[in-house]
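A quick write-up on the structure given underneath.
The values are calculated or read from the model by the stated rules, or taken from the named source; none is laboratory data. Computed from a prediction, not measured in an experiment: that's the story for all the values here. Here the Cβ positions follow ideal geometry from the backbone for every residue, glycine too, while neighbour counts run over all protein chains shown.
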Amino acid sequence: MLGPVRSEELAIGFLAQPASGIHPGVVLIHDVWGLSDHTRDLARRLAGEGFAVLAVNLYQRKGAPRIEDPGAWMRALSDPEALADVQAAVDLLAAQPGSRGRKVGVTGFCMGGSYALLAACGCRGLAAAVPFYGILSYAHGLMAGGGALDPAKKPRDPLAAASDLGCPLLAIFGAEDEFVPAADVRELERRLAASPQPSQLVTYAGCGHAFLNDTRPAAFRPEQARAAWALMVAFFRKEL
């Protein structure tokens, strides 16, 4: 932590930023469980590293959702609506006093990692992206059950969008992620290789899904989580 942080709840999400000065902005996208205390803690921690962080609430129009089946919930979400919320968060950070005139990046975890990658391929005004273990394909696994997806809600998955990458990207995965097959990560790397934007994919051995989430003891991997966090911070400091 570099210094004191101030925070506030907004209609669009949770804003955390250094107590003074003007700093680069980062939109943080929560996992499937929503804008939780864990997400707010991540926002405060990143603000302590010198960024103005807006943890956008993708469920702001849904009240307090009851999610019994994460896969079914994600299949029913509208990607265009979620990305519109991310775009609104980018625009807010670009205009608000604590980050006005500075570059804006995006990061996200689990479901939020998927949307961070999609945002990097479709939202305006982003200068860097760091998705953490986002699901890459809608064709199999968690996103494929339950019948055909609504093309209006799921026009393309992150793998299909990758060719439109619009900013430098650092994508982080666990080697033993049960929701993100290694073959999908290799395919993402192959598709990004054709992009003019620089990209780096980092995979941590001994880690499954959500290995940075310290509220989930079975998933949390402290050593790799510290390394991945430091890598993200260094990347954002370089690009923003």
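Tell me, please, whether a residue that is in contact with a Lys or Arg (Cβ under 8 Å, 6 or more places away or on another chain) and either under 16 Å from ILE135 (Cα atoms) or part of a loop (DSSP other than H, G, I, E, B) (or both) can be found in region 220-240. Yes: region 220-240 contains one or more residues that are in contact with a Lys or Arg (Cβ under 8 Å, 6 or more places away or on another chain) and either under 16 Å from ILE135 (Cα atoms) or part of a loop (DSSP other than H, G, I, E, B) (or both).
Would you confirm, using the coordinates I've provided, whether GLU178 is farther than 24 Å from GLY48 by Cα, surrounded by fewer than 19 Cβ atoms within 10 Å (Cβ to Cβ) and at pLDDT below 95? So GLU178 fits the description; yes.
Is at least one residue of region 41-49 charged (D, E, K, R) and more than 13 Å from MET232 (Cβ to Cβ)? Checked against the condition, which is being charged (D, E, K, R) and more than 13 Å from MET232 (Cβ to Cβ), region 41-49 yields at least one hit.
Residue check: is LEU42 buried (at least 16 other Cβ atoms within 10 Å of the Cβ), in a loop (DSSP other than H, G, I, E, B) and at negative phi? Against the criterion (buried (at least 16 other Cβ atoms within 10 Å of the Cβ), in a loop (DSSP other than H, G, I, E, B) and at negative phi), LEU42 does not qualify.
Would you say ILE172 is part of a loop (DSSP other than H, G, I, E, B), under 19 Å from the mean Cα position of the chain (by Cα), hydrophobic (A, V, I, L, M, F, W, C) and on the phi < 0 side of the Ramachandran plot? When the stated conditions are applied, ILE172 does not pass them. Residues being over 21 Å from SER78 (Cα atoms) and in contact with a helix residue (DSSP H, G or I) (Cβ under 8 Å, 6 or more places away or on another chain) are entirely absent from region 134-157.
Checking the condition hydrophobic (A, V, I, L, M, F, W, C) and outside any helix (DSSP H, G or I), which residue from LEU93, LEU126, LEU83, LEU117 passes? Selected residue: LEU126, the only one of LEU93, LEU126, LEU83, LEU117 that is hydrophobic (A, V, I, L, M, F, W, C) and outside any helix (DSSP H, G or I). On the basis of being in a strand (DSSP E or B), of a type in the set (Gly, Ala, Ser), under 17 Å from VAL106 (Cβ atoms) and modelled with pLDDT of 95 or more, does ALA55 make the cut? Yes. Among the residues of region 181-214, just one is of a type outside the set (Gly, Ala, Ser), surrounded by fewer than 16 Cβ atoms within 10 Å (Cβ to Cβ) and touching an Asp or Glu at 6+ places or on another chain (Cβ under 8 Å), namely LEU201.
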